[in-house]
Structure formats: structure tokens, C-alpha cells
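Following: one structure in C-alpha cells, then a few remarks.
The values are calculated or read from the model by the stated rules, or taken from the named source; none is laboratory data. These numbers were taken from a predicted model, which means no experiment stands behind them. With ideal geometry, Cβ positions are generated from the backbone for all residues, glycine too; neighbour counts draw on all protein chains shown. Remember, those area values only see protein heavy atoms, side chains included, never the ligands or the DNA or RNA. Shrake-Rupley method; radii C 1.70, N 1.55, O 1.52, S 1.80 Å.
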Amino acid sequence: MKPPETFFHSKLFRGLGNEELAELTAICQRKRVPAGEMLVQQHSAAQNVYVLVSGALMIERLSRSGRRQVIAFSYSGDYIGFTNTDEYEYSVVALRETELQVFPRRDFLTLVDRFYTLKTNARQIGGNVLAQTLDQLFALGQKKAHERLCFLLAQLGRRQCGTQNADIELIMSRQDIADYLGLTIETVSRAFARLKTMQLIEIISAHRIRILDRSVLEELASVN
């Protein structure tokens with residue numbers, strides 16, 4: 001069986017041989033999630049591991065009091081579902097129609113133990129996620145509101161545009177942005193206005209902005 005080409009779009013599968021990819025294909029199913037629908041519910045049984053083929057997801061966590069923290073925004077090639085417990089510790093919502101590869105968690109972890117390259121890739125990605133989480137915590141704790149917004153825009157720019165100045169699509173709502181950055185929605189609006197006044201961005205629409213000065217934006221976003 002020839003592995004689907006989409007396996008090569010994720011760093012998780014980088015360097016795997018055809019036989020290894022074929023075994024992954026054998027346990028893989030496809031799933032489409034409409035925009036606005038939930039893929040994973042917090043505290044539900046952790047039954048699957050997911051790899052994004054297309055679309056975008058938002059990972060969030062709710063407290064018992066109902067307070068929400070947006071943890072991350074995920075795009076094509078990202079994977080979701082590894083957890084240290086038998087339950088998901090977060091919820092995952094589709095920001096737009098999303099297509100995923102779905103792997104039964106137990107079967108997938110068995111292959112991770114068998115395939116050295118797959119295990120190495122998973123560990124490396126896990127380390128990157130931890131580093132990004134630490135960066136986010138630093139930004140939330142130490143940066144001003146407009147600098148936090150730069151932190152998010154720099155992240156999105158690297159995912160969507162590489163290193164070039166270009167338009168960034170904001171598929172998330174202003175409330176989602178606020179809950180990611182630990183701000184109120186009013187403060188987020190003021191932060192956008194400040195970056196526009198500083199001539200760092202141009203606001204094309206509610207869901208699209210243009211980076212005008214990438215170097216300054218990256219400097220304000222830096223956590224080093």
C-alpha cells in the first residue's frame with residue numbers, strides 16, 4: 001500500500017520509510033470537522049491522535065468557574081492528542097472546516113515505540129511545544145498589551161508567510177485573541193490601533209492585517 005502524500009507534510013512523519021508509513025496508513029482514517037464544531041472535549045477519553053491535513057484548530061482550556069485560556073492555534077502539519085493521562089486536558093475547536101488524519105491512540109503509541117524515527121520526531125516536536133509554551137508564559141507575564149499582540153502576529157506570520165512581510169489571516173475572533181494573550185477584548189482593540197499608529201501593521205479587515213515592518217514587530221515580540 002502506497003502511503004498518502006499528506007504524511008510527508010508533517011514533521012511527525014519526516015524521515016520515515018515506506019514500510020513504516022504503510023503501517024501508519026493501515027491504522028489511519030480521515031475526518032472532516034466543520035467550522036465551529038468541537039473535535040475534542042476537555043476531560044473526554046483520550047482515544048485518538050490527530051494530524052492536521054488542512055484547516056485550523058484552536059486549543060483551549062476551561063476552569064471550573066468557566067474561565068477560558070486559549071492555549072494554541074494549530075495549522076496544517078500539526079498533531080494533537082498526546083497526553084500524560086487517559087483524558088484530554090483541553091478542548092479543540094475547528095476555526096474553519098478542517099481535515100485530519102485520525103490514529104487510534106494505543107495503536108499509534110505502539111508504533112511510536114517500534115519506530116525510532118517516529119519516536120525521535122515526537123520527542124522533538126514535544127520539546128518545541130514546551131519551548132513555545134514557555135515563550136507564551138513569558139509574553140503574558142512580562143510584556144505590554146501591544147507587545148503581546150506582536151508576539152501572536154509574529155507567530156502567525158511565521159506559520160503563514162515565512163520570513164516575508166505579507167498579509168496575515170486572522171481566522172480567530174478578537175475574543176479568541178484576547179483569551180490567548182490574557183487581555184480583555186477592549187485592550188486587544190486598543191493594541192491593534194496602537195500598532196497601526198506605529199505603522200507596523202495595516203488593518204485590511206477584521207480578519208486580515210498586513211505587516212508593514214516585520215523587523216520591528218519581531219523585536220517587540222521577542223522573548224529573548
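Odds and ends about this structure:
- Residue in segment 76-93 that is nearest to Gly157 (Cα to Cα), counting only those that are part of a loop (DSSP other than H, G, I, E, B) and open to solvent by 30 Å² or more (accessible area, probe 1.4 Å): Ser76
- Residue within segment 13-32 that is modelled with pLDDT of 95 or more and either open to solvent by less than 30 Å² (accessible area, probe 1.4 Å) or under 28 Å from Ile185 (Cβ atoms) (or both) present: no
- Long-range neighbours under 8 Å by Cβ, at least six apart or interchain, first residue under 18 Å from Leu220 (Cβ atoms) within segment 132-144, second surrounded by 12 or more Cβ atoms within 10 Å (Cβ to Cβ) and acidic (Asp, Glu): Ala139/Glu147
- In segment 168-195, the residues that are closer than 22 Å to Leu134 by Cα and assigned to a strand (DSSP E or B) form no Cβ pair under 9 Å with any partner that is modelled with pLDDT of 95 or more and among the small types (Gly, Ala, Ser), whether six or more places apart or across chains.
- Test: Arg106 is more than 23 Å from Gly157 (Cα to Cα), in a strand (DSSP E or B) and either among the basic types (Lys, Arg) or at pLDDT below 90 (or both): no
- Scanning segment 33-75 for residues that are of a type in the set (Ser, Thr, Tyr), assigned to a loop (DSSP other than H, G, I, E, B) and within 27 Å of Phe151 (Cα to Cα), we see that the one that is least open to solvent (accessible area, probe 1.4 Å) is Tyr75.
- Every condition in (1) closer than 17 Å to Ala46 by Cβ; (2) touching a His at 6+ places or on another chain (Cβ under 6 Å) holds for Gly77 except the one numbered (1).
- Residues being touching a strand residue (DSSP E or B) at 6+ places or on another chain (Cβ under 8 Å) and either at pLDDT 90 or above or among the basic types (Lys, Arg) (or both) - total across segment 81-103: 16
- Selection within segment 7-44 - touching a Gly at 6+ places or on another chain (Cβ under 7 Å) and of a type outside the set (S, T, N, Q): His9, Lys11
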